[in-house]
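Notes follow the structure.
The values are calculated or read from the model by the stated rules, or taken from the named source; none is laboratory data. Small disclaimer: the values here were computed from a predicted structure and weren't measured. Please note: Cβ atoms are built from the backbone with ideal geometry, for glycine as well, and neighbour counts cover all protein chains shown. We work out accessible area using only protein heavy atoms, side chains counted, and drop any ligands, DNA or RNA first. Shrake-Rupley method; radii C 1.70, N 1.55, O 1.52, S 1.80 Å.
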Amino acid sequence: MARQRFRRKDLKRPDEFVTRGRAFIQWASGNLQTLSWAAGGFAVAVLTIAGFFSLRGTRVRQANEDLAQALTGFQAAQYAVAASQLAGVADRWQSTPIGHIASLYAAEAEAKANNVDAANTRLRDVVAAGQPSSYLRQQALVALGSVLERKGDAAAAAEQYAQAASAEGPYTATAI
């Protein structure tokens, strides 16, 4: 690599950093109000974004706590109680992924509590909403097929199983 040689003449010229720095300081002192408004606007934008993410994180944490609390009845095999608690979580957090998962758990709890009509209704709502991820939709279709099979509606159950089998996901083998 070739070394650059500096001459005395080069060293006597003003430094570019110092020159630009002085120019900025002069501009800033002349435009202090504009600079203050820009800094204030930037601070407001940063605080708004930070507040949004903080609120979102708080809501997700609260939804997770509600779901965990509602799942205790499900894990204790108190399916009727768990179904109502999970339905409450699903209704309260319906616009979040936690609400979709709670709906599936509520339907499963209803089915295990031998309340197939309520499970059928909730699963149809989950499938009709079309909001959950593809694997959750596939799980809902398989569960709906199982509920319809328990009700004695074999044709409708086969249709739900066929829809679940045609979807890509981990429940394809179960649906087939």
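Would you call residue 102 under 18 Å from the mean Cα position of the chain (by Cα), part of a helix (DSSP H, G or I), of a type in the set (Gly, Ala, Ser) and closer than 26 Å to residue 151 by Cβ? Don't jump to the end; show me each part of the working.
Details: under 18 Å from the mean Cα position of the chain (by Cα): yes; part of a helix (DSSP H, G or I): yes; of a type in the set (Gly, Ala, Ser): yes; closer than 26 Å to residue 151 by Cβ: yes.
So residue 102 passes the test.
Quick one: which residue in 43, 28, 70, 38 is under 30 Å from residue 98 (Cα atoms) and small (Gly, Ala, Ser)?
Working: 43 fails: under 30 Å from residue 98 (Cα atoms); 28 fails: under 30 Å from residue 98 (Cα atoms); 38 fails: under 30 Å from residue 98 (Cα atoms).
From the options 43, 28, 70, 38, the qualifying one is 70.
Cβ-Cβ below 9 Å, separation at least six or inter-chain, first residue in segment 74-86 and closer than 15 Å to residue 104 by Cβ, second open to solvent by 60 Å² or more (accessible area, probe 1.4 Å) and of a type in the set (S, T, N, Q): which pairs?
Pairs found: 74/85; 79/114; 79/115; 82/72; 82/75; 83/115; 85/69; 85/72.
Out of 26, 85, 69, report the one residue that is polar (S, T, N, Q), assigned to a helix (DSSP H, G or I), within 30 Å of residue 120 (Cβ to Cβ) and open to solvent by 90 Å² or more (accessible area, probe 1.4 Å). Walk me through it before giving the result.
On the way: 26 fails: within 30 Å of residue 120 (Cβ to Cβ); 85 fails: open to solvent by 90 Å² or more (accessible area, probe 1.4 Å).
Result: 69 is the single residue among 26, 85, 69 that is polar (S, T, N, Q), assigned to a helix (DSSP H, G or I), within 30 Å of residue 120 (Cβ to Cβ) and open to solvent by 90 Å² or more (accessible area, probe 1.4 Å).
Taking the conditions exactly as written (open to solvent by 40 Å² or more (accessible area, probe 1.4 Å), farther than 25 Å from residue 65 by Cβ, touching a Leu at 6+ places or on another chain (Cβ under 8 Å) and among the charged types (D, E, K, R)), does residue 124 satisfy them or not? Even if it seems obvious, please write down each step before you answer.
Numbers: open to solvent by 40 Å² or more (accessible area, probe 1.4 Å): yes; farther than 25 Å from residue 65 by Cβ: yes; touching a Leu at 6+ places or on another chain (Cβ under 8 Å): yes; among the charged types (D, E, K, R): yes.
So residue 124 fits the description; yes.
Being open to solvent by less than 60 Å² (accessible area, probe 1.4 Å) and among the hydroxyl-bearing types (Ser, Thr, Tyr) narrows it down to one residue among 135, 161; which is it? Reasoning before the result, please.
Details: 135 fails: open to solvent by less than 60 Å² (accessible area, probe 1.4 Å).
After applying the criteria, what remains is 161.
Based on what the data block shows, is residue 129 at pLDDT 85 or above, of a type outside the set (Val, Ile, Thr) and surrounded by fewer than 15 Cβ atoms within 10 Å (Cβ to Cβ)?
Numbers: at pLDDT 85 or above: no; of a type outside the set (Val, Ile, Thr): yes; surrounded by fewer than 15 Cβ atoms within 10 Å (Cβ to Cβ): yes.
In short, no.
Here are some conditions: (1) buried (at least 18 other Cβ atoms within 10 Å of the Cβ); (2) more than 16 Å from the chain's Cα centre (by Cα). Residue 77 meets all but one. Which one does it not meet?
The one condition residue 77 does not meet is (1).
May I ask you to list the residues in segment 38-65 that are over 32 Å from the mean Cα position of the chain (by Cα) and surrounded by 11 or more Cβ atoms within 10 Å (Cβ to Cβ)? Walk me through it before giving the result.
Of the residues in segment 38-65, the ones over 32 Å from the mean Cα position of the chain (by Cα) are 38-39.
The answer is 38, and nothing else.
Report, ordered by the first and then the second residue, all pairs with beta carbons closer than 6 Å, sequence separation of six or more or different chains, a first member in segment 147-176 that is free of Cβ contacts under 8 Å to residues at least 24 places away in the same chain, and a second member that is open to solvent by 70 Å² or more (accessible area, probe 1.4 Å).
Listed by first residue and then by second, the contacts come to 157/149; 165/176.
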